[in-house]
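Working notes for the structure below.
The values are calculated or read from the model by the stated rules, or taken from the named source; none is laboratory data. The structure displayed is predicted, hence computed values, not measured ones. Don't worry about glycine lacking a Cβ; one is built from the backbone with ideal geometry, like all the others, and counts go over all protein chains shown.
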Amino acid sequence: MIPLTLAQIARITGGQLTGPPEALVTGEVVIDSRRVGPGGLFAALAGERSDGHDFAAAAVAAGAVAVLATRPVPAPSVLVPDVPAALAALAAFVVDALPALRIVGITGSSGKTSTKDLAAQLAERLGPTVAPAGSYNNELGHPLTVLRVDAATQNLVLELSARGAGHIAYLCGIAPPRYGAVLNVGHAHEGEFGGLDQIARAKGELVEALPADGAAILNADDPHVLAMASRTAARVVTFSTGTPLLSHIPQPTLLAADIRLDDLGRPSFTLLAPEGSAPVTLRLHGAHNVPNALAAAALARELGLGLADIADGLSAAVARSRWRMEVHRRADGVTVINDAYNANPESVRAALEALGHLAQGGRAFAVLGHMAELGGTSPARHAEAGEFAARALGPVLAGLIAVGPEAAPLLDGARRVPSWPGEALGVPDGPAALAVLADRLKPGDVVLVKASREVRLEGVAADLLLEADR
Ligand SMILES: Nc1ncnc2c1ncn2[C@@H]1O[C@H](COP(=O)(O)OP(=O)(O)OP(=O)(O)O)[C@@H](O)[C@H]1O
Ligand SMILES: [Mg+2]
């Protein structure tokens with residue numbers, strides 16, 4: 001963070017200062033008292049299980065200069081009515097103080113974190129870059145990320161999430177992006193939004209926030225995203241994987257041609273831009289990472305990275321965030337795909353396609369927990385996903401294992417495909433899924449583990465990997 005005195009912090013947040021006005025905050029702003037470092041600011045939040053205010057004294061003992069709090073604490077503090085709003089005010093102040101900072105925003109229903117991690121690795125080739133860890137993308141994580149910038153930071157790469165109208169506009173107000181990429185409009189959080197049109201309205205708030213001298217990077221293969229071109233003052237840059245869904249008029253700016261997947265599902269392609277072409281081989285798994293890579297490439301291109309460096313950087317980039325399409329091959333020849341970070345209808349499809357590819361000529365098992373936050377359409381969406389699995393993978397899919405009652409409609413969907421010869425099995429929890437697999441897995445099989453975050457199936461993937469050692 002740029003150094004700020006407690007007096008400045010109180011003024012910026014409209015808070016009440018208890019403590020030395022000249023004391024200088026030079027370190028990170030954190031919400032976990034165990035992560036406080038010297039010169040930092042501890043923001044106290046009242047959570048479900050614990051209340052940050054109880055750790056105020058410990059935070060200061062660990063080096064925090066003061067505590068941002070909503071009620072009196074036994075430590076130097078700035079008292080505010082709303083801590084996330086105070087963090088937003090501080091973040092906006094810091095951005096204002098650094099006019100040379102180049103801000104990039106990424107949104108979409110799926111792939112924000114994957115794309116953010118790619119774009120950050122490209123931007124780092126140009127200069128000091130700040131990007132969130134994992135999915136710090138909401139009204140709390142976003143300002144905390146922005147507050148990590150300092151005078152040396154050149155690029156700020158942000159992931160913007162929305163659970164409703166106005167959320168992305170709010171985040172853009174804190175740190176106005178000059179470059180913004182919209183990846184896709186899918187069914188994630190359909191329950192809160194109501195439908196795809198509302199989701200498109202909300203995601204498009206990013207391009208509405210861009211200035212005329214900025215660039216809106218849009219996925220030309222997604223009609224809801226391409227239509228956002230009319231909602232921005234910025235120059236429009238499009239990208240496409242050449243899916244023959246749309247006749248691309250005008251021609252997309254960036255294209256991926258000759259897409260191929262290796263036996264572990266890692267894509268190679270030729271990156272085509274108006275200025276030339278360059279070969280890319282991703283270290284990430286799954287064809288769905290090709291549009292993510294194109295979006296990251298387009299953002300890096302706007303920041304000034306040349307095509308050869310972009311291709312080189314994409315080929316060197318690693319997965320920085322856990323449990324997204326991690327592919328592990330066990331000593332006994334069973335392959336485990338841990339995609340347990342989260343799930344929505346589109347990411348389940350993407351993962352099933354990758355599973356089908358990895359299992360070519362062998363047997364696939366899909367262990368799927370439910371997709372959360374779909375509202376009333378949940379049973380139908382699960383049935384569609386189950387039907388897709390049985391249809392797209394056909395006889396390769398030896399078993400579909402639905403974990404928990406909310407995932408059970410997956411099985412009904414798969415049974416709608418009479419020609420599918422696989423087993424449809426419902427189990428109550430992760431250990432039961434492991435027991436079912438233990439009886440069935442043979443060398444050469446491929447297992448996908450995927451569900452919404454709250455189902456926490458990453459433990460199943462971890463246990464599957466340990467089992468080979470037993
Ligand atoms: N372009 C894409 N299309 C479909 N699925 C994708 C795409 N990119 C990533 N995924 C899958 O979606 C899941 C989440 O990926 P990622 O964390 O990158 O997305 P996110 O948009 O940041 O999600 P969240 O909203 O949870 O922050 C993973 O299972 C990943 O494999
Ligand atoms: Mg994310």
Given the stretch 51-124, what strands (runs of 3 or more DSSP E) lie entirely inside it while holding 3 or more residues that are buried (at least 20 other Cβ atoms within 10 Å of the Cβ)?
-> 66-69, 102-107
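Tell me, which residue of the stretch 162-174 that is in a loop (DSSP other than H, G, I, E, B) and surrounded by fewer than 24 Cβ atoms within 10 Å (Cβ to Cβ) is nearest to ligand 1 (Cβ to nearest atom)?
To start, the set of residues in the stretch 162-174 that are in a loop (DSSP other than H, G, I, E, B) comprises 162-166.
Imposing the further condition that a residue be surrounded by fewer than 24 Cβ atoms within 10 Å (Cβ to Cβ) reduces the set to 163-166.
On the way: 163: 10, 164: 14, 165: 17, 166: 17 Å.
So, considering only residues that are in a loop (DSSP other than H, G, I, E, B) and surrounded by fewer than 24 Cβ atoms within 10 Å (Cβ to Cβ), the one nearest to ligand 1 (Cβ to nearest atom) is 163.
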Does residue 257 satisfy being touching a strand residue (DSSP E or B) at 6+ places or on another chain (Cβ under 6 Å), surrounded by fewer than 22 Cβ atoms within 10 Å (Cβ to Cβ) and aliphatic (A, V, I, L, M)?
-> yes
When residue 349 is evaluated against the numbered criteria (1) away from ligand 1 (no atom under 16 Å from the Cβ); (2) surrounded by 18 or more Cβ atoms within 10 Å (Cβ to Cβ), which criterion, by number, is the only one it fails?
-> (1)
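If you go through the stretch 277-289 one residue at a time, do you hit one that is of a type outside the set (A, V, I, L, M), part of a helix (DSSP H, G or I) and either under 22 Å from residue 337 (Cα atoms) or in contact (Cβ under 8 Å) with a residue 40 or more places away in the chain (or both)?
Filtering the stretch 277-289 for residues of a type outside the set (A, V, I, L, M) gives 277, 279, 281, 283, 285-286, 288-289.
Going one step further and asking which of them are part of a helix (DSSP H, G or I), we end up with 289.
Next, only the ones that are either under 22 Å from residue 337 (Cα atoms) or in contact (Cβ under 8 Å) with a residue 40 or more places away in the chain (or both) stay: 289.
Looking through the stretch 277-289, at least one residue is of a type outside the set (A, V, I, L, M), part of a helix (DSSP H, G or I) and either under 22 Å from residue 337 (Cα atoms) or in contact (Cβ under 8 Å) with a residue 40 or more places away in the chain (or both).
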Residue that is nearest to residue 448 (Cα to Cα) [pool: residues in the stretch 332-347 that are within 16 Å of ligand 2 (Cβ to nearest atom) and in contact with a Leu (Cβ under 7 Å, 6 or more places away or on another chain)] = 339
Just wondering, is there one or more residues in the stretch 78-98 that are farther than 22 Å from residue 173 by Cβ and among the aromatic types (Phe, Trp, Tyr)?
-> no
Do any helices (runs of 4 or more DSSP H) entirely within the stretch 393-470 hold 2 or more residues that are modelled with pLDDT of 95 or more and farther than 19 Å from residue 341 by Cβ, and if so, which?
-> 409-415, 430-438
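In the stretch 146-166, how many are within 16 Å of ligand 2 (Cβ to nearest atom), out of contact with any Gly (no Cβ under 7 Å at 6 or more places or on another chain) and at pLDDT 95 or above? Reasoning before the result, please.
Residues of the stretch 146-166 within 16 Å of ligand 2 (Cβ to nearest atom): 157-163.
Subsequent filtering for residues that are out of contact with any Gly (no Cβ under 7 Å at 6 or more places or on another chain) retains 157, 159, 161-163.
Within this subset, residues satisfying the condition of being at pLDDT 95 or above are 157, 159.
Residues that pass the stated criteria total 2.
Please find, among 318, 327, the residue that is part of a loop (DSSP other than H, G, I, E, B), surrounded by fewer than 23 Cβ atoms within 10 Å (Cβ to Cβ) and β-branched (Val, Ile, Thr). Show your work before the answer.
Details: 327 fails: part of a loop (DSSP other than H, G, I, E, B).
The match here is 318.
For the stretch 182-201, indicate whether the set of residues that are more than 27 Å from residue 372 (Cα to Cα), modelled with pLDDT of 95 or more and either among the aromatic types (Phe, Trp, Tyr) or in contact with a strand residue (DSSP E or B) (Cβ under 8 Å, 6 or more places away or on another chain) (or both) is non-empty.
Of all residues in the stretch 182-201, those more than 27 Å from residue 372 (Cα to Cα) come to none.
Checked the stretch 182-201: no residue is more than 27 Å from residue 372 (Cα to Cα), modelled with pLDDT of 95 or more and either among the aromatic types (Phe, Trp, Tyr) or in contact with a strand residue (DSSP E or B) (Cβ under 8 Å, 6 or more places away or on another chain) (or both).
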Please go through the stretch 125-154 and pick out each residue that is part of a loop (DSSP other than H, G, I, E, B), among the hydrophobic types (A, V, I, L, M, F, W, C) and surrounded by 17 or more Cβ atoms within 10 Å (Cβ to Cβ).
-> 131, 147, 149
